[in-house]
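Just so it is clear, none of the values below were taken in a lab; they were calculated from the coordinates. In this text, all values refer to a predicted model and were calculated from it rather than measured experimentally. Cβ coordinates were reconstructed from backbone atoms using ideal geometry, including for glycine residues, and neighbour counts include every protein chain displayed.
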């Protein structure tokens, strides 16, 4: 077992300002076929699996694979118009890469939409590996353990950078440390702060915290 350290980044709310478009893309499919609009309440009900899992859980017996194909086509055509990196994140990632840190992309999203956005945002090549979600459930805790195994290290050497309360729970379940970022979704901030004192509000502090952890 090595002492290799790895930094894993979440996407939505952490690297990218994406929630408005995520809602828009689900609303497009749900309203077209079910006459159901995407709401925060519905999102909270469906949250956990990747986007295909959202469709499976909402359509249930009415689900057709063509709905997923159409969702992906809509995402590919429109995501770049709406999803942007938070200011400072491009520089942050490049700085960390130049320092020789192992950087991994670890998301609850599908592999398909993750790679589309990584390429749209010109950060695909910054990451050494991509770990994506599952249609069945949230698996970030399992993915963090998988990262440790692939890098022949232990979960406590795998740092997660995320923004939600669920990210904190998943990191704890995996035995991994987490830095929470308060870049968007202020409705979550109080709960995040209560559950993780290791949080930051800007990219400069995030880079400093990652440096401190990586160099321990």
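Side notes on the structure shown:
- Nearest-0.05 FRET efficiency for residue 212 and residue 47, computed from C-beta distance (R0 30 Å): 0.45
- Relative protection proxy for 195-207, 107-119, from highest mean packing down: 107-119, 195-207 (other beta-carbon atoms within 10 angstrom).
- Take the Cα of residue 112, go 7 Å toward its beta carbon, and the backbone nitrogen atoms of the range 57-99 under 17 Å from that spot belong to 57-60, 63-80.
- Each of the peptides 24-30, 136-142, 68-74, 177-183 was scored by the mean count of other Cβ atoms within 10 Å over its residues; in descending order, highest first, they stand as 177-183, 24-30, 136-142, 68-74.
- The modelled label-to-label distance between residue 142 and residue 182, using points 7 Å beyond Cα along the C-beta direction, is 3.3 nm.
- Relative contact order, percent, the chain [alpha-carbon distance under 8 Å, six or more residues apart]: 27
- Rg over Rh, two decimals, the range 94-173 (C-alpha only, Kirkwood Rh): 0.95
- When the P(r) of the chain is calculated, the portion above 21 Å amounts to 53% of the C-alpha pairs.
- Residues listed by number, the range 181-210, amide nitrogen under 17 Å from residue 156 label point at 7 Å toward C-beta: none
- The simple spin-label model puts a point 7 Å past each Cα toward its Cβ; for residue 165 and residue 65 those points are separated by 3.8 nm.
- Additional length obtainable on full extension of the chain from residue 130 to residue 31, 0.36 nm per residue less Cα span: 32.5 nm
- Calculated FRET value between residue 95 and residue 191, using beta carbons and R₀ = 45 Å, to 0.05: 0.90
- A helix-only calculation puts the chain at -15500 deg cm²/dmol for mean residue ellipticity at 222 nm, using -39500 (n - 2.57) for each DSSP H run of at least four residues, averaged over all residues.
- Packing order of peptides 77-84, 168-175, highest average first: 168-175, 77-84 (average count of other Cβ atoms within 10 Å over each peptide's residues).
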